[in-house]
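Notes follow once the structure below has been shown.
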Amino acid sequence: MTCIIIDDEAAARAIVSQLCAKTPELDVIEEFSNAIDAIKFLNQQNIDLVFLDIHMPGFTGIDFVQTLKNPPKVVLTTSDTEFAIEAYEYEAIVDYLVKPITQERFAKSIQKVKNSLTAQPAQGADTASSGVGNELYINIDRRLIKLKFEDILFIEAKGDYIDVKTTKEDYRVHNTLKKIKEKLPAHLFLQIHRSYIINFTKIIDIEDNSVLIEKNVIPISRSNRPELMRRLNLL
């Protein structure tokens, strides 16, 4: 795996470089003291993995991940755990290493990256970017809650929040429908309205302009109806 190291401290870069040197499958291509130079590099060259410090002057590690349109896999390196929960909201971030980093913990992180790369679907295939094949993690009051895809009934947009309705409980999450859609497998979920994504395997009944899931009546927009019918083999 090709990789780069981004950290404003030379000593920290050296430590990560030494850990990489003891890992045969890693090939360190370049090191950077700031995120801006790294972004310029990534605009010209594709790599597999970035070791990224969170705390850097003027441009944090999280800012870096948000800036890249198609980021490689990222392992965060930091001296604190303040951003741990937020970090896992980003598909590209595979692991979170707290300094000082041991070789054993580093090896576990690399295995996570390898598993993530192996599990990536081919282009055009259904994807679920939760990082786990049949599960989605949501952030509630700085806690990560695991939901099984099969338990999710539908998701409704409510301003800056989304309501996730499940067979067991309902959750309100500070997120957008667009972002959550990227984390759901297309063979189970479909957006049928600007404010709703449904698990179409849970549909009980269909009217002209709505579907019934449990006791919830959910509208279907005219533009989304043909795709729903196709998914249900009704065309």
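How long is the gain from residue 225 to residue 67 if the chain were fully straight, where each residue apart is worth 0.36 nm and the alpha carbon distance is subtracted?
53.4 nm is the gain from fully extending residue 225 to residue 67.
Using the crude model of +1 on Lys and Arg Cβ and -1 on Asp and Glu Cβ, and no other charge, please compute the dipole size for the chain relative to its Cα centre, in debye to 20. Don't skip to the end; give the middle numbers.
Numbers: 29 positive and 34 negative charges, 140 e Å.
Magnitude of the dipole: close to 680 debye.
Please compute the Kirkwood hydrodynamic radius of the chain from all pairs of different C-alpha atoms, in Å with one decimal. Please report the intermediate quantities before stating the final value.
On the way: mean 1/r = 0.0510 Å⁻¹.
In the chain this quantity evaluates to 19.6 Å.
Between residue 151 and residue 80, what is 0.36 nm times their sequence separation minus the Cα-Cα distance? Round to one decimal in nm.
22.1 nm
What percentage of the solvent-accessible surface of region 141-225, computed with a 1.4 Å probe over protein heavy atoms, is contributed by carbon and sulfur atoms?
44
Out of region 156-235, which trypsin sites (Lys or Arg not before Pro) are coil in DSSP terms and have no more than 13 other C-beta atoms within 10 Å?
Passing sites in region 156-235 are 168, 194, 215, 222.
Along the Cα→Cβ direction, 7 angstrom out, place labels at residue 217 and residue 172. What is the inter-label distance in nm?
According to this spin-label approximation, the distance is 2.4 nm.
Return the subset of 99/178; 148/181; 112/165 for which the Cα-Cα distance in this structure is over 22 Å, preserving the input order. Intermediate values should be presented prior to the final figure.
Details: 99/178 34 Å; 148/181 15 Å; 112/165 30 Å.
Checking Cα-Cα distances, 99/178; 112/165 exceed 22 Å.
What is the distance in Å between the Cα centres of region 194-235 and region 1-57?
If we compute the Cα centre of each part, the gap is 46 Å.
Non-local amide H neighbours of residue 140 (under 5 Å, H modeled in plane, Pro and chain starts lacking H): which ones?
Amide H neighbours of residue 140: 145.
In region 1-70, what trypsin sites (Lys or Arg not before Pro) fall in a loop by DSSP, with at most 14 other Cβ atoms inside 10 Å? If you can, show how the numbers build up before the last one.
Working: sites: 13, 22, 40, 69; in loops: 22, 69.
For trypsin sites (Lys or Arg not before Pro) across region 1-70 that sit outside H, G, I, E and B with at most 14 neighbouring Cβ atoms in 10 Å, the list reads 22, 69.
For residue 8, what residues show an amide H to amide H distance below 5 Å, using hydrogens built from the backbone and excluding near sequence neighbours?
none
Tell me which residues come under 5 Å, amide H to amide H, from residue 154 once H is placed; ignore anything under 5 positions away on its chain.
Amide H neighbours of residue 154: 165, 199.
Hey, what's the chain come to in accessible area per residue, 1.4 Å probe, Å²?
It amounts to 56 Å² per residue over the chain.
Rounded, prolate or oblate: which fits region 174-235, taking a ≥ b ≥ c as square roots of the Cα gyration tensor eigenvalues, rounded meaning a/c under 1.5, else prolate when a/b beats b/c?
Taking the square roots of the gyration eigenvalues as a ≥ b ≥ c, region 174-235 is prolate.
Can you send over the carbon and sulfur percentage of the accessible area for region 9-76, probe radius 1.4 Å, protein chains only? Can you show the working numbers first?
Working: 1650 of 3530 Å².
Ligands and nucleic acids excluded, carbon and sulfur reach 47 percent.
Please give the calculated 222 nm ellipticity per residue for the chain, where each DSSP H segment of at least 4 residues contributes -39500 (n - 2.57) and the sum is spread over every residue; nearest 500 deg cm²/dmol?
Values: 7 runs with 60 residues, N = 235.
After summing the helix terms and dividing by the residues of the chain, the value is -7000 deg cm²/dmol.
The values are calculated or read from the model by the stated rules, or taken from the named source; none is laboratory data. Because the structure is a prediction, the values reported are computed rather than measured. Reconstructed Cβ throughout: ideal geometry from the backbone, glycine too, with neighbour counts over all protein chains shown. Accessible surface is based on the protein model in full, side chains and every heavy atom, while ligands, DNA and RNA are left aside. Shrake-Rupley method; radii C 1.70, N 1.55, O 1.52, S 1.80 Å.
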